[in-house]
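Chemist: Okay, handing you the structure first.
The values are calculated or read from the model by the stated rules, or taken from the named source; none is laboratory data. Bear in mind that the values here come from a model prediction, so they are computed numbers and not experimental data. When we count neighbours, we look across all protein chains shown, and the Cβ atoms used for this are built from the backbone with ideal geometry, even at glycine.
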């Protein structure tokens, strides 16, 4: 925990004010920061009633718990218990015994926290760099050997008093575009009932909604979520969980887009997600304590026709451009003028177990879509898939879910092999099937593409420390029919092998 000097405080407050947090601190008062015992304190602002000068107070949830918090609406009443007509304003309190400091913390990100912990701004960075080598090696235009940056993200998140949480995040993806990833505000009534407004993850699928990309076992999602996961959209979401996380739910309504960066309201979806941990209390410390199961459902409609992206094996892309195609093998590309337009239904059932060093995850997905072929005929297409992933730490680390890994012996080359970090081998099987309607309905050419893929990933994660992770993966995709891998020569292949290295840091 650090105390800021005058110049550093000025810089940080400019950043905070630019993000719309001026109620927390005001730049105009930074120059009034007083030096006390060789520390520089920032001015504090307390809510005071104009008529009686009585300062309001708020209780941080983490310190006293929900039952001890003041009820909403009780901070502006007169002696008779009736609402006062007075308004509140922010006033500076300069008395030494009432001063508070802006605290700087570094742990799961870089945080600026008010002394009463009612206001917070946390800054995270995620960066992933891949090297990919494909076999066959002469594919074109897809699957080109080289270095790629699938994600570089900047997160800003925190709270504006305890009930109000926010997140704004930006991403530069493999396409090279730097754009908005998430932007939302949560209103927290209690742990079990919260409302989120803005752009966020759609609650569909365990591999999408339970944990983010920085916590994955394998480098990317399995085949079905990779190609038909609904990702993010703008909308309203109600979610919550009990204090022991025995159950978790989320329901929401979204206007978004099937693919691309902008939320242009081409799709409307209603989504719901449930997850249960039935043994978290009865079997605390036992094998089944962190057993999860549940499901999710989406019912939606594409209100306007929208282009479909090629189906890939190893990249999550939002645009159909050269960079995203080059970074992955493609096993099906839709015919020109094929679009999604009409109803869609997606369902998923998942189960996961985290026990000791072992992580086991599985999910089954099923869906039905309405597409329009080049003749503007409606074609109903079914798509389904499943995946199973198994991983285990060899270096003694224990897991209760997919989250930040703190190696027992963080890697340090100065200490020899004794400080080797954490090592986690993994294996994953993924299967995907798109109904024969995709060929019978003139949506794609069966001479060039396949509608059925089995894929295996074998590799290991090496966590150098809690912030840095190296991934080594061999991915083998087997096609049920030959796939065009070189448009110039007409070469086809029944499989694709990918030798994949990723360096990731996240804090």
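Chemist: When the residues of the stretch 203-247 are narrowed to those that are touching a residue at least 40 places away in the same chain (Cβ under 8 Å) and assigned to a strand (DSSP E or B), which ends up farthest from residue 292 (Cα to Cα)?
Modeler: By that ranking, first place goes to 236.
Chemist: A further question on this structure: Which one is nearest to residue 330 (Cα to Cα), of the residues in the stretch 132-157 that are surrounded by 16 or more Cβ atoms within 10 Å (Cβ to Cβ) and touching a helix residue (DSSP H, G or I) at 6+ places or on another chain (Cβ under 6 Å)?
Modeler: Checked the stretch 132-157; the qualifying residue nearest to residue 330 (Cα to Cα) is 142.
Chemist: Is one or more of the residues making up the stretch 193-203 modelled with pLDDT of 95 or more and over 27 Å from residue 345 (Cβ atoms)?
Modeler: So far as the stretch 193-203 goes, yes, one or more of its residues are modelled with pLDDT of 95 or more and over 27 Å from residue 345 (Cβ atoms).
Chemist: Determine which single condition residue 304 fails, assuming it passes every other condition in (1) at negative phi; (2) part of a loop (DSSP other than H, G, I, E, B); (3) modelled with pLDDT under 85.
Modeler: Residue 304 satisfies all of (1) at negative phi; (2) part of a loop (DSSP other than H, G, I, E, B); (3) modelled with pLDDT under 85 except (2).
Chemist: I'd like the full set of residues that are outside any strand (DSSP E or B) and without any contact (Cβ under 8 Å) to a residue 60 or more places away in the chain, limited to the stretch 320-349.
Modeler: 336, 337, listed by residue number.
Chemist: Is it true that some residue in the stretch 312-319 is assigned to a strand (DSSP E or B) and either crowded, with 19+ Cβ neighbours inside 10 Å or in the same structural domain as residue 434 (by TED's automatic domain parsing) (or both)?
Modeler: So far as the stretch 312-319 goes, yes, one or more of its residues are assigned to a strand (DSSP E or B) and either crowded, with 19+ Cβ neighbours inside 10 Å or in the same structural domain as residue 434 (by TED's automatic domain parsing) (or both).
Chemist: Taking the stretch 360-395 as the region of interest, how many residues are closer than 22 Å to residue 288 by Cα and free of Cβ contacts under 8 Å to residues at least 40 places away in the same chain?
Modeler: Residues in the stretch 360-395 being closer than 22 Å to residue 288 by Cα and free of Cβ contacts under 8 Å to residues at least 40 places away in the same chain: 8 in total.
Chemist: With the structure loaded, tell me whether residue 482 is in contact with a helix residue (DSSP H, G or I) (Cβ under 6 Å, 6 or more places away or on another chain), at pLDDT 95 or above and surrounded by fewer than 23 Cβ atoms within 10 Å (Cβ to Cβ) or whether it fails that test.
Modeler: no
Chemist: Being more than 23 Å from the chain's Cα centre (by Cα) and assigned to a loop (DSSP other than H, G, I, E, B) is the filter here, so list the residues in the stretch 400-436 that pass it.
Modeler: Result: 408, 409, 410, 411, 412, 419, 420, 421, 435, 436.
Chemist: If you don't mind, another one. Determine if the stretch 461-477 includes at least one residue that is exposed (fewer than 14 other Cβ atoms within 10 Å of the Cβ), farther than 26 Å from residue 348 by Cβ and in contact (Cβ under 8 Å) with a residue 12 or more places away in the chain.
Modeler: Within the stretch 461-477, one or more residues are exposed (fewer than 14 other Cβ atoms within 10 Å of the Cβ), farther than 26 Å from residue 348 by Cβ and in contact (Cβ under 8 Å) with a residue 12 or more places away in the chain.
Chemist: Only strands (runs of 3 or more DSSP E) wholly contained in the stretch 90-180 count here; list those with 3 or more residues that are at pLDDT 95 or above and farther than 25 Å from residue 468 by Cα.
Modeler: 164-173
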